[in-house]
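Take a look at the structure below.
The values are calculated or read from the model by the stated rules, or taken from the named source; none is laboratory data. The shown structure was predicted, so the numbers you read here are calculated from the model rather than taken from an experiment. As a convention, Cβ positions derive from the backbone with ideal geometry for all residues, glycine included, and neighbour counts pool all protein chains shown. Surface accessibility is based on the protein's heavy atoms, side chains included, excluding ligands, DNA and RNA. Shrake-Rupley method; radii C 1.70, N 1.55, O 1.52, S 1.80 Å.
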Amino acid sequence: MCLPLEFGYVRVFCLFVVFDPVLSLDSGMLFPRESSSREVKELNGLWVFRADRSPNRNQGFELAWYKSRLVETGPVIDMPVPASYNDITQDPTLRNFIGWVWYEREVVVPPRWITDQDTRVVLRVGSAHYYSVVWVNGVKVTEHEGGHLPFEAEIGSLIRKDPTMPCRITIAVNNTLTLQTLPPGSIQYMKDRTKYPDGFFVQSIYFDFFNYAGIHRPVLLYTTPKAHVDDITVVTDFLDDTGLVKYKVSVQGAATATVKVTLMDKEAHCVASSTEPSGVLKVVDVKLWWPYLMHDNPGYLYSMEVRLMAADEESTYEDVYTLPVGIRTVNVTSSQFLINNKPFYFHGVNKHEDADIRGKGLDWPLIVKDFNLLKWLGANSFRTSHYPYAEEILQMCDRHGIVVIDECPGVGIKDIRSFGNASLTHHLVVMDELVRRDKNHPSVVMWSVANEPAAEMPPAEFYFKTLIKHTKALDPTRPVTYITDSNYARDKGAPFVDVVCINSYFSWYHDPGHVEVIPIQLNTQFENWYGKYQKPIIQSEYGADAVAGVHNDPPLMFTEEYQKVVLQSYHHVFDQKRKEYVVGELIWNFADFMTTQGITRVVGNKKGIFTRQRQPKAAAFILKERYWRLANETGQLPVWTKYPCQL
């Protein structure tokens, strides 16, 4: 699939270069974990990097850069992985680069991995934005469409061809967006030579965050035995004090195998076990997984150890994989969101994977800082706006009891051509990949299939009916939603969601400067949506820009005072409606973040209650006071959490 060719100029960016059809999801995507049978080798650090600056951005394929060391093809630079490449250098053309970039790393593979023919060696990329092609020693091993989910390939046979040769990994990544990608975009060619130089084009996007690109999450090698645990699916429930863990273990590489499943508590005591590949484990005196501030022991995780034994004519195999398991239930009524049969109220945030210098690159110090701020704030939840976040972040949510609305990258679906069969087919595959990756996280309580699509367009009804039905078939245990900003009476997809999630910015994008209209318009919004659909409602976005340190009284737009007043005006209505059918509020946004340059954005979006450097604005203290009050009203808090000033 290529962008349209502009004849007379070589202006075609081949997004997918003679690639195979999308691979079916016939295998699992377990997070790589070390065990007695598995090893993990991280490949993070400095990689060799080169952007393909040829007019058609296709020289790397035409000259087969992957067949030799990248330094032999032309000028290269150092590039950290994981990180976006955009803000690493002082080169403005690289910051805004659209097209193919090339990464390379030579790796020393442990000799035992090579000599043991019964050891699988798997290359895994946590995510790369947007389209990726991977070679090992000049041989293509995999490709992947989509910028936020992992992909991998078994490379053992390749590295064993010549054990004396270093393992040279080459990854080409293309950030070009089309009307059929998720998120969508388009390339615009500027032909007026009185205004633009030859070959000038821009990537148009329909979302309000910077289109960071590169290898954003860890690259690693991991091993498994030839016969191995390929996937585990866990669904939990409870009856009185007995926990129920329904599980299924999928095995690859063995015609027959024996499996032992052991569920252990935090003290490593066995609480249930089985020798069947599927079944139900019963846990007496179960400790449920509870959200943060809803219970005095939030985020309780058991460990499910799966031990596989298999043999063939030549060898015996043993594989061990341990999966964290949180036992909890999620249900939705016409006016409530229930976790473990108790009403749950979302008081949380929307976020972005975004930071200075590293862009969307996985950054542990930033992740830990953000979780400390979430707890300081009294937030119990967030939405992964507007794409799946790193698995490492969801693991933190599991451990800390932070509830997650897990959103796919279906943001900016505004053009009617993005509702076609090609777009829908790709969207379904993305949901397959997302559910496959995140299905076992207890923190994930709802899937979001899109953000602010043009849901009033006629094709939206079939599109979202199909998409939501498909997602529910993949996972019948979680509710499904999408985030809307459409008119309640004309939204084609709303009849199919389980929870209505609404974005609105009264007194900002509408009636700017007039905070007095917020109570009227917000109340009308809630009454209209609930009156028509009779489903619980989450205010999934609201807020106002505030430039840190800018003040004015009376409050004016873009000041910290105005942001405070907007939030407080919304909160008054929330307090009325949460007694009826409003089940959550998520501020936009947790922190300031980078966007495309434009006259409405001063070095990014400033709606954060924290700056991009994670310093609080005045609104953060308003929200902290509110969230702790909500927690004390609705949760079951230990004494030490009732006085957050002591944290």
Inset, instruction - Could you pull out the residue among 223, 233 that is of a type in the set (Val, Ile, Thr), at pLDDT 95 or above and surrounded by fewer than 19 Cβ atoms within 10 Å (Cβ to Cβ)? - result: 233
Legend entry - Filter pass, residue 353 being open to solvent by 10 Å² or more (accessible area, probe 1.4 Å), part of a loop (DSSP other than H, G, I, E, B) and charged (D, E, K, R): yes
Inset, instruction - Please find, within the range 262-320, the residue that is surrounded by the fewest Cβ atoms within 10 Å (Cβ to Cβ) out of those that are under 30 Å from residue 344 (Cα atoms) and polar (S, T, N, Q). - result: 297
Inset, instruction - At least 2 residues that are at pLDDT 95 or above and closer than 30 Å to residue 506 by Cα in each: list the helices (runs of 4 or more DSSP H) lying fully within the range 386-494 that qualify. - result: 460-474
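Criterion first (surrounded by 19 or more Cβ atoms within 10 Å (Cβ to Cβ), at pLDDT 95 or above, within 27 Å of the chain's Cα centre (by Cα) and on the phi < 0 side of the Ramachandran plot) does residue 574 satisfy it?
On the way: surrounded by 19 or more Cβ atoms within 10 Å (Cβ to Cβ): yes; at pLDDT 95 or above: yes; within 27 Å of the chain's Cα centre (by Cα): no; on the phi < 0 side of the Ramachandran plot: yes.
When the stated conditions are applied, residue 574 does not pass them.
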Legend entry - Pairs where the first residue, in the range 588-606, is in contact (Cβ under 8 Å) with a residue 40 or more places away in the chain and the second is open to solvent by 70 Å² or more (accessible area, probe 1.4 Å) and in a loop (DSSP other than H, G, I, E, B), C-beta under 8 Å, 6+ apart: 594/603
Inset, instruction - Six or more apart or on different chains, Cβ under 9 Å: which pairs go from a residue in the range 348-362 that's over 12 Å from residue 382 (Cα atoms) to one that's among the β-branched types (Val, Ile, Thr) and buried (at least 24 other Cβ atoms within 10 Å of the Cβ)? Could you list them? - result: 353/384; 361/81; 361/215
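So, in the range 529-541, exactly how many residues are open to solvent by less than 50 Å² (accessible area, probe 1.4 Å) and either among the basic types (Lys, Arg) or over 16 Å from residue 585 (Cα atoms) (or both)? Break it down into steps so the answer makes sense when it comes.
Within the range 529-541, the first condition is being open to solvent by less than 50 Å² (accessible area, probe 1.4 Å), and the residues that meet it are 529-530, 533, 535-541.
Subset that is either among the basic types (Lys, Arg) or over 16 Å from residue 585 (Cα atoms) (or both): 533, 535.
Qualifying residue count, the range 529-541: 2.
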Legend entry - the range 495-508: number of residues that are of a type in the set (Val, Ile, Thr) and not in a loop (DSSP other than H, G, I, E, B): 2
Inset, instruction - Within the range 570-593, identify whether any single residue is among the aromatic types (Phe, Trp, Tyr), in contact with a Phe, Trp or Tyr (Cβ under 8 Å, 6 or more places away or on another chain) and in a strand (DSSP E or B), and answer yes or no. - result: yes
Inset, instruction - Look at residue 637 and say whether it is open to solvent by less than 50 Å² (accessible area, probe 1.4 Å), modelled with pLDDT under 95, more than 30 Å from residue 96 (Cα to Cα) and in contact with a helix residue (DSSP H, G or I) (Cβ under 9 Å, 6 or more places away or on another chain). - result: yes
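Within the bounds of the range 434-443, is there any residue that is open to solvent by less than 60 Å² (accessible area, probe 1.4 Å) and either farther than 27 Å from residue 348 by Cα or aromatic (Phe, Trp, Tyr) (or both)?
Kept after step one, since they are open to solvent by less than 60 Å² (accessible area, probe 1.4 Å), are these residues of the range 434-443: 434-443.
Of the ones still in play, those that are also either farther than 27 Å from residue 348 by Cα or aromatic (Phe, Trp, Tyr) (or both) are none.
Looking through the range 434-443, none of the residues is open to solvent by less than 60 Å² (accessible area, probe 1.4 Å) and either farther than 27 Å from residue 348 by Cα or aromatic (Phe, Trp, Tyr) (or both).
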Legend entry - the range 95-123 residues that are closer than 30 Å to residue 595 by Cα, paired with ones that are open to solvent by less than 10 Å² (accessible area, probe 1.4 Å) and at pLDDT below 95 (beta carbon under 8 Å, 6 or more apart): 98/13; 99/13; 100/13
Legend entry - Residue in the range 347-361 that is under 20 Å from residue 297 (Cβ atoms) and aliphatic (A, V, I, L, M) present: no
Legend entry - Qualifying positions in the range 607-625 - more than 21 Å from residue 363 (Cβ to Cβ) and either open to solvent by 10 Å² or more (accessible area, probe 1.4 Å) or modelled with pLDDT under 95 (or both): 618, 621, 622, 624, 625
Inset, instruction - Exactly one condition in (1) open to solvent by 10 Å² or more (accessible area, probe 1.4 Å); (2) within 28 Å of residue 86 (Cβ to Cβ); (3) in contact with a helix residue (DSSP H, G or I) (Cβ under 6 Å, 6 or more places away or on another chain) is not met by residue 544; state its number. - result: (1)
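Applying the selection to the range 546-567, what residues are in contact with a Ser or Thr (Cβ under 9 Å, 6 or more places away or on another chain) and either within 26 Å of residue 381 (Cβ to Cβ) or part of a helix (DSSP H, G or I) (or both)? Reasoning before the result, please.
Here is the first cut: in the range 546-567, the ones in contact with a Ser or Thr (Cβ under 9 Å, 6 or more places away or on another chain) are 546-548, 550-553, 557, 562, 565-566.
546, 548, 562, 565, 566 - these are the residues of the range 546-567 that are in contact with a Ser or Thr (Cβ under 9 Å, 6 or more places away or on another chain) and either within 26 Å of residue 381 (Cβ to Cβ) or part of a helix (DSSP H, G or I) (or both).
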Inset, instruction - Working only within the range 52-88, note down all residues that are within 22 Å of residue 211 (Cα to Cα) and either of a type in the set (Lys, Arg) or under 26 Å from the mean Cα position of the chain (by Cα) (or both). - result: 53, 57, 79, 80, 81, 82, 83, 84, 85, 86, 87, 88
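Take the range 209-239 and flag every residue that is assigned to a loop (DSSP other than H, G, I, E, B) and either touching a Phe, Trp or Tyr at 6+ places or on another chain (Cβ under 9 Å) or over 30 Å from residue 412 (Cβ atoms) (or both). Outline the logic, then answer.
Keep residues of the range 209-239 that are assigned to a loop (DSSP other than H, G, I, E, B), which gives 209-213, 216-218, 226-227.
Answer for the range 209-239, where residues must be assigned to a loop (DSSP other than H, G, I, E, B) and either touching a Phe, Trp or Tyr at 6+ places or on another chain (Cβ under 9 Å) or over 30 Å from residue 412 (Cβ atoms) (or both): 209, 210, 211, 212, 213, 226, 227.
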Legend entry - Output for the range 495-520, where each listed residue is among the β-branched types (Val, Ile, Thr) and either crowded, with 18+ Cβ neighbours inside 10 Å or at pLDDT below 95 (or both): 497, 499, 500, 502, 515, 518
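Kindly indicate whether residue 365 is over 30 Å from residue 495 (Cβ atoms), touching a helix residue (DSSP H, G or I) at 6+ places or on another chain (Cβ under 7 Å) and either assigned to a helix (DSSP H, G or I) or open to solvent by 30 Å² or more (accessible area, probe 1.4 Å) (or both).
Values: over 30 Å from residue 495 (Cβ atoms): yes; touching a helix residue (DSSP H, G or I) at 6+ places or on another chain (Cβ under 7 Å): no; either assigned to a helix (DSSP H, G or I) or open to solvent by 30 Å² or more (accessible area, probe 1.4 Å) (or both): yes.
No.
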Legend entry - Test result for residue 414, surrounded by fewer than 21 Cβ atoms within 10 Å (Cβ to Cβ), more than 16 Å from the chain's Cα centre (by Cα) and over 20 Å from residue 540 (Cβ atoms): no
Inset, instruction - Report whether or not residue 24 is at pLDDT below 95, surrounded by fewer than 17 Cβ atoms within 10 Å (Cβ to Cβ) and polar (S, T, N, Q). - result: yes
Legend entry - In the range 592-603, residue farthest from the chain's Cα centre (by Cα) [restricted to those that are at pLDDT 95 or above and under 20 Å from residue 564 (Cα atoms)]: 592
Inset, instruction - Would you list the strands (runs of 3 or more DSSP E) that sit entirely within the range 145-200 and hold 3 or more residues that are farther than 24 Å from residue 82 by Cβ and open to solvent by 10 Å² or more (accessible area, probe 1.4 Å)? - result: 185-189
Inset, instruction - Considering (1) in a helix (DSSP H, G or I); (2) in contact with a helix residue (DSSP H, G or I) (Cβ under 7 Å, 6 or more places away or on another chain); (3) open to solvent by less than 30 Å² (accessible area, probe 1.4 Å), say which one residue 374 fails and leave the rest. - result: (2)
Legend entry - Residue pairs meeting the criteria (Cβ under 8 Å; at least 6 apart or on separate chains; first within 19 Å of residue 102 (Cα to Cα), in the range 156-170; second among the acidic types (Asp, Glu) and open to solvent by less than 40 Å² (accessible area, probe 1.4 Å)): 168/104; 169/104; 170/104
